[in-house]
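Trainee: Below is one structure. I have some questions about it.
The values are calculated or read from the model by the stated rules, or taken from the named source; none is laboratory data. Quick caveat, the model's predicted, so the values are computed rather than measured. Virtual Cβ from ideal backbone geometry, glycine too; neighbours counted across all protein chains shown.
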Amino acid sequence: MRLALITHKLIKGDGQGRVNYELARETLAAGHTVFLLASEVEAELAEHPLARVVRIGVAGLPTALLKNQVFACRTAVWIWRHRSEIDLVHANGFVSWCAADINSSHFVHAAWVRSRYHTWRIRRDLYGFYQLIYNLAGKWLEHWSYRHSRRVVAVSEQVRRELLEAGVTPERLRVIPNGVDTDEFAPREVSRSALGLPEGKLVLFIGDIRTPRKNLDTLLRAMVNVSDATLVVVGSTGVLTLVWPSRWDSRRASRFSAFDATFPSSCAPRISSSFRLATKPARWYCWRRPPPGCPSLQPPPPAALSF
């Protein structure tokens with residue numbers, strides 16, 4: 001079989017990118033040819049003899065909205081030119097202006113834009129307005145993409161319900177939950193000093209810090225009331241102070257020495273292994289509750305976080 005896999009990233013340190021990385025790896029291991037249409041591809045995949053990397057360059061473009069459109073146009077042109085060489089096209093939401101045989105949905109713009117926690121309802125400024133336009137455009141574009149897909153795969157029952165509300169017909173929907181690599185994400189001895197982390201009580205947050213969707217701002221307010229712990233944020237370096245300048249008391253920031261030590265998400269497995277407490281206070285996630293077998297820690301009120 002010859003599979004064309006279309007997604008922005010095929011890397012381990014990205015949520016959707018990791019899912020597609022595993023899909024590509026297993027497909028290649030089964031002896032099939034995989035065309036990898038992406039802007040970033042993990043070296044392990046790119047070097048596989050059955051992999052055909054089609055890099056879609058979008059670097060240098062000023063906004064994600066523009067990058068996504070350029071990516072969608074370039075992937076569509078490539079697919080149209082090589083369709084006779086491909087048996088199956090697998091997309092991920094709206095990533096291309098071409099029809100797909102399978103389309104995996106990890107996030108539904110139509111559901112998030114209705115949320116009372118959407119960026120525009122919290123930040124009535126230029127950035128909030130951009131996020132509103134971005135998600136409204138995403139809502140229309142994903143609707144187009146799902147209408148032009150033979151099958152749509154939701155990663156959870158919640159996403160399935162949101163897709164049905166968005167107009168996807170039930171006979172074309174399937175639910176295939178994402179998995180967890182229990183070898184990589186497992187308890188082990190990890191040197192905190194090697195990672196630049198302090199000793200003592202640490203609280204871990206991993207997630208997107210550009211919008212309020214993963215709810216870092218509530219965790220920050222809670223941490224102000226915790227005098228003997230350090231918050232470690234795994235996200236994009238240098239973005240946090242631009243996103244929530246009014247939601248963090250800078251006079252108390254010195255109490256959290258590792259707060260500014262943001263790490264690339266590729267370090268997540270090692271960092272996770274060094275923590276006793278990880279938080280997931282997201283306002284929207286693809287699961288309303290953790291999948292079976294996963295431990296759960298519900299987010300407490302801001303003043304109730306304690307050890």
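Trainee: Considering only residues that are closer than 12 Å to ARG2 by Cβ and either without any contact (Cβ under 8 Å) to a residue 60 or more places away in the chain or surrounded by 18 or more Cβ atoms within 10 Å (Cβ to Cβ) (or both), which ones fall in region 83-96?
Mentor: ARG83, SER84, VAL89, HIS90 - these are the residues of region 83-96 that are closer than 12 Å to ARG2 by Cβ and either without any contact (Cβ under 8 Å) to a residue 60 or more places away in the chain or surrounded by 18 or more Cβ atoms within 10 Å (Cβ to Cβ) (or both).
Condition check ((1) surrounded by 13 or more Cβ atoms within 10 Å (Cβ to Cβ); (2) more than 30 Å from ALA64 (Cα to Cα); (3) of a type in the set (A, V, I, L, M, F, W, C)) across all residues:
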site: SER149; (1), (2), (3): yes, no, no
site: LEU163; (1), (2), (3): yes, no, yes
site: ALA166; (1), (2), (3): yes, no, yes
site: PRO170; (1), (2), (3): no, yes, no
site: ASP181; (1), (2), (3): no, no, no
site: PHE205; (1), (2), (3): yes, no, yes
site: LEU220; (1), (2), (3): yes, no, yes
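Trainee: Same structure again: Restricting the search to region 183-196, which residues are basic (Lys, Arg) and surrounded by 14 or more Cβ atoms within 10 Å (Cβ to Cβ)?
Mentor: Within region 183-196, ARG192 is the sole residue that qualifies.
Residue-wise test of (1) surrounded by 19 or more Cβ atoms within 10 Å (Cβ to Cβ); (2) touching a helix residue (DSSP H, G or I) at 6+ places or on another chain (Cβ under 6 Å).
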position: HIS8; (1), (2): yes, no
position: ASP14; (1), (2): no, no
position: GLY17; (1), (2): yes, no
position: TYR21; (1), (2): yes, no
position: ARG25; (1), (2): no, no
position: LEU28; (1), (2): yes, no
position: VAL34; (1), (2): yes, yes
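Trainee: When you scan region 66-75, how many residues do you find that are among the aliphatic types (A, V, I, L, M) and surrounded by 17 or more Cβ atoms within 10 Å (Cβ to Cβ)?
Mentor: 1
Trainee: Residue by residue through region 144-167, note down the ones that are modelled with pLDDT of 95 or more and either over 20 Å from the mean Cα position of the chain (by Cα) or under 26 Å from CYS73 (Cβ atoms) (or both).
Mentor: Hits for region 144-167 are TRP144, SER145, TYR146, ARG147, HIS148, SER149, ARG150, ARG151, VAL152, VAL153, LEU163, LEU164.
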